[in-house]
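Peer 1: Let me give you the structure first, and then I'll get to my questions.
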Amino acid sequence: MDNVFNPFSLENKTILVTGASSGIGQATAVACARMGADVVITGRNAERLQRTSDMMPNGAKSQEVADLTNPDDLKRLVAAMPALDGAVLCAGNSTTLPLQFGSREKFDGMFDVNFFAPVELLRLLYKKKVLNKGGSVVLIASIGGTHSFMPGNGVYGASKAALNSVMKYAAREYAARKVRVNSICPGMVDTPLIHRGTITEEQLAEDAKRYPLGRYGLPDDIANGAIYLLSDASCWLTGHDLVIDGGFSI
Amino acid sequence: MNNGYIITMNIQDFIDNFASQFDDTDETVFTAETKFKQLDEWSSLTALSIIAMVDDEYDVIIKGNDIINSETIQDLFNVVEKQVH
């Protein structure tokens with residue numbers, strides 16, 4: 001196997017994945033492990049984190065239960081980190097709300113989870129030199145707010161657009177240590193987040209038909225993009241928002 | 001009407017709140033028996049606004065299916081009233 005050409009290998013890399021107990025985070029954590037990485041996983045629920053670890057060939061390197069919106073949890077998480085070659089910040093939330101109902105309270109709730117938590121984690125990982133030189137950070141943003149502006153997605157999209165903006169500034173500044181920072185902007189991905197009932201299953205099925213490739217994304221579709229961005233295959237790529245959306249935003 | 005701890009639901013207030021989510025349909029059209037999904041102006045965005053209005057005004061989270069399964073405004077009122085606390 002040593003002779004197989006594989007520029008996407010993650011062997012000898014230690015990678016942190018947040019939001020690893022479900023959806024895109026879970027798929028990414030498992031995919032990184034299958035590509036040979038030592039994976040540190042974090043999420044809010046110990047039982048579900050264990051389930052993610054169980055899906056890995058040799059289990060997770062470590063598991064940290066943390067709510068990233070809680071400053072103490074976040075500090076404890078950073079302190080517990082081994083040196084990292086990569087991080088994929090997947091933890092996030094969504095809401096479907098017409099803008100006229102987007103009160104400050106609703107925006108704050110969405111920005112706490114989707115913007116302030118990952119931005120603070122990214123800041124501390126860099127400032128405390130947890131990220132090795134040449135490391136790679138992947139933020140999970142969205143086509144919402146940057147490439148697509150569907151009614152009802154304003155509060156969510158604004159939080160992801162803000163995250164995408166910080167990604168680009170960080171890419172410029174963190175290049176000083178050759179740390180790369182990129183994002184993935186997925187279209188609708190079939191995760192528990194979209195099945196909370198505000199949009200009915202029938203409406204979701206109808207909406208999926210509007211994607212040129214004929215379906216919503218799967219968590220693995222996004223995980224595969226993260227593998228590329230974490231691997232040395234993308235070593236000359238930084239500040240990029242990789243759209244993975246089945247052609248929706250064309 | 002919010003009298004402190006218990007929200008007592010009133011059908012006319014509910015109809016008024018419901019009607020507020022429309023821009024081009026005359027207020028007089030809206031009664032408890034209005035089959036709201038048959039209105040020309042009805043759209044998926046209106047549905048989202050109704051869900052958000054119910055959350056704002058009654059602190060009740062309804063789902064898309066509650067709207068699908070309600071024919072009249074009274075039907076939806078009944079769904080919300082059951083969950084009001």
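Peer 1: Magnitude of the Cβ-charge dipole of the stretch B:11-83, K/R +1 and D/E -1, about the Cα centre, nearest 20 debye?
Peer 2: Here the stretch B:11-83 has a charge dipole of around 380 debye.
Peer 1: Whose amide H sits under 5 Å from the amide H of A:Val88, counting only residues 5 or more places off or on another chain, with H placed in the peptide plane?
Peer 2: Correct list: A:Leu16, A:Val17, A:Thr18, A:Val138.
Peer 1: With each label point set 7 Å from Cα along the Cα-Cβ vector, what nm distance links A:His240 and A:Ser165?
Peer 2: Distance between the two pseudo-spin positions: 2.4 nm.
Peer 1: For a quick check: with amide H placed at 1.01 Å from N, whose amide H comes under 5 Å from A:Ile244's, ignoring anything fewer than 5 positions away on the same chain?
Peer 2: Under 5 Å from the amide H of A:Ile244: A:Cys185, A:Gly187.
Peer 1: While we're on this one: Against the globular-protein guess of 2.2 N^0.38 Å, express the Cα radius of gyration of chain B as a ratio, rounded to two decimals.
Peer 2: Ratio of Rg to 2.2 N^0.38 Å for chain B: 1.02.
Peer 1: What is the dipole size for chain A, taken about its Cα centre, with +1 at each Lys and Arg Cβ and -1 at each Asp and Glu Cβ, in debye to the nearest 20?
Peer 2: Roughly 800 debye for chain A.
Peer 1: Please report Rg (one decimal) and Dmax (integer) in Å for the Cα set of the stretch A:1-152.
Peer 2: In Å, with Rg to one decimal and Dmax whole: 16.5, 58.
Peer 1: Rank by packing, highest mean first: peptides A:238-247, A:141-150, A:15-24, with packing defined as the count of other Cβ atoms within 10 Å averaged across residues.
Peer 2: Top of the packing list down: A:15-24, A:141-150, A:238-247.
Peer 1: Suppose every K and R has +1 on its Cβ and every D and E has -1 on its Cβ; what is the size of the dipole of the stretch A:107-146 about the Cα centre, in Debye to the nearest 20?
Peer 2: 400
Peer 1: Stokes-Einstein D for the stretch A:23-76 at 20 °C, 1.002 mPa s, Kirkwood Rh over Cα pairs, in µm²/s?
Peer 2: 190
Peer 1: In addition: Taking the Cα of A:Asn45, stepping 7 Å toward and past its beta carbon, and measuring to each backbone N in the stretch A:113-144: which are under 12 Å?
Peer 2: none
Peer 1: In the protein assembly as shown, how does Rg compare with the Kirkwood Rh, expressed as the Rg/Rh ratio over alpha carbon atoms?
Peer 2: My calculation of the ratio gives 1.05.
Peer 1: Using the scaling law 2.2 N^0.38 Å as the reference, what is the normalised Cα Rg of the stretch A:153-250?
Peer 2: 1.23
Peer 1: If you don't mind, there's one more thing I want to ask. Among A:Arg104, A:Arg44, A:Arg76, rank each residue by its count of other Cβ atoms within 10 Å, from fewest to most, as a rough exposure measure.
Peer 2: A:Arg104, A:Arg76, A:Arg44
Peer 1: Next up: Output wanted: per-residue J couplings in Hz (rounded whole) for the stretch B:28-36, from phi through Karplus 6.51 cos²θ - 1.76 cosθ + 1.60, θ = phi - 60°, x for Gly and Pro.
Peer 2: For the stretch B:28-36, the Karplus curve yields 5, 5, 8, 9, 4, 8, 4, 8, 5 Hz.
Peer 1: What is the diffusion coefficient of the stretch A:171-217 in µm²/s, taking the Kirkwood radius over Cα pairs and the Stokes-Einstein relation at 20 °C with a viscosity of 1.002 mPa s?
Peer 2: Result for D is 162 µm²/s.
Peer 1: At 7 Å along the Cα-to-beta-carbon direction for both A:Arg34 and B:Asp40, put a label point, then send me their distance in nm to one decimal.
Peer 2: 5.4
Peer 1: Further question on the same structure: Which entries of A:Lys127/A:Lys168; A:Lys133/A:Lys168; A:Lys106/A:Lys209; A:Lys127/A:Lys178 have Cα-Cα distances beyond 20 Å here?
Peer 2: In this structure, A:Lys106/A:Lys209 exceed 20 Å between Cα atoms.
Rule-based calculations on the coordinates, nothing more; no lab input. Keep in mind the model is a prediction, meaning the values are calculated, not measured. Reconstructed Cβ throughout: ideal geometry from the backbone, glycine too, with neighbour counts over all protein chains shown.
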